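**Q** First, the structure itself, so that you have it in front of you.
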Amino acid sequence: MMTIRLAQNADLDSILKVVETAFSDEENKVIKNLVLELSTETASPSIKSLVAEVDNQVIGYVSYSPISLKSDSSISGYILAPLAVSPEHQKQGIGSNLINAGMDMLTKDGVGVFLVYGDPAYYGRFGFTEEIGHSFVPPHTLQYPFGWTGMMLNDTPVPEQPIQFECVSALSKPDLW
Ligand SMILES: CC(C)(COP(=O)(O)OP(=O)(O)OC[C@H]1O[C@@H](n2cnc3c(N)ncnc32)[C@H](O)[C@@H]1OP(=O)(O)O)[C@@H](O)C(=O)NCCC(=O)NCCS
């Protein structure tokens, strides 16, 4: 049976193993470093990470970190990154469960916008759209602009003008964008 819970410090090594096997050789150094930095960074509101377990083994991981909008402090936002599921457990809905659990958690926390930079062929099915992505301008130039998407939560209105935002330092690296 698969369960999802908040990640703890003691999960770090297992999470790094999941990332190492899920991402390609070129990507996994950068993503492991991101996981390490997210695990030590303190932010307010806090960074929230979830793990998925099967038979008490961590086989999936996702992290959600807060953003701060430069010109409209009335909207709170979170960004999803990274997401990984061990190859032998992929295509069983675990990635979807980690995203849906995050969406529920952020909705309950009253978050206004939920953003992700990734393959729209995957994230589109959860309701992330490019249109919402356009309203929130990341701190760095995007290498793959079509992968920048978002969704509004809690009936938050879409801003009339695109708004720039800042993210936690772990994500504030040009090579991640
Ligand atoms: C992306 C990932 C987390 C999905 O996890 P998962 O547990 O397999 O996801 P689910 O079971 O919920 O969904 C799987 C479906 O998504 C599809 N899918 C996975 N990656 C996809 C992509 N990049 N583009 C389009 N579809 C994708 C699968 O083909 C599968 O399709 P199906 O439902 O028609 O069979 C996993 O494939 C992974 O760890 N990949 C490597 C790391 C990565 O790319 N992370 C995301 C970027 S941060």
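**Q** Dividing the Cα radius of gyration by the Kirkwood radius, what Rg/Rh value follows for the chain?
**A** For the chain, the value is 0.94.
**Q** Tell me, what is the Rg over Rh of the stretch 1-55, with Rh the Kirkwood radius over Cα pairs?
**A** 0.99
**Q** Pick from Tyr144, Tyr117, Tyr64: which residue has the top mean-square fluctuation in a GNM of the chain where Cα pairs under 10 Å get a spring?
**A** Comparing Tyr144, Tyr117, Tyr64 in the GNM, the peak value goes to Tyr144.
**Q** When we measure straight from the Cα of Lys48, which aspartates and glutamates land under 19 angstrom away, once same-chain ones fewer than 8 places off are left out?
**A** Hits, sequence-local ones excluded: Asp11, Asp13, Glu37, Asp104, Asp109, Glu166.
**Q** Another one. What number do you get for the stretch 102-163 when its Cα radius of gyration is normalised by 2.2 N^0.38 Å, N = residues?
**A** Ratio of Rg to 2.2 N^0.38 Å for the stretch 102-163: 1.08.
**Q** Let me ask something else. How long are the three semi-axes of the equivalent ellipsoid of the stretch 38-120, in whole Å, if each is the root of 5 times an eigenvalue of the C-alpha gyration tensor, listed from largest down?
**A** 25, 13, 11
**Q** Relative contact order of the chain: what whole-number percent is it, with Cα pairs under 8 angstrom and at least 6 residues apart?
**A** Computed over the chain, the figure is 21 percent.
**Q** Can you list the trypsin sites (Lys or Arg not before Pro) in the stretch 23-115 that are in a DSSP coil and have 13 or fewer other beta carbons within 10 angstrom?
**A** Qualifying residues, ordered by number: Lys70, Lys91.
**Q** Have a look at the stretch 45-93 and give its Rg and Dmax from the Cα atoms, expressed in angstrom.
**A** 14.6, 46
**Q** Tell me, what is the percent relative contact order of the stretch 78-177, built from C-alpha pairs under 8 Å that lie six or more residues apart?
**A** Relative contact order, the stretch 78-177: 28 percent.
**Q** Under 5 Å between amide hydrogens, which residues at least 5 positions from Ile79 or on another chain qualify, with H placed 1.01 Å from N in the peptide plane?
**A** The list, which skips near neighbours in sequence, is Ser65, Ile67, Leu115.
Rule-based calculations on the coordinates, nothing more; no lab input. Just so we're clear, the structure is a prediction, and the values are computed from it rather than from any experiment. FYI the Cβ positions are ideal-geometry reconstructions off the backbone, even for glycines, and counts take in every protein chain you see.
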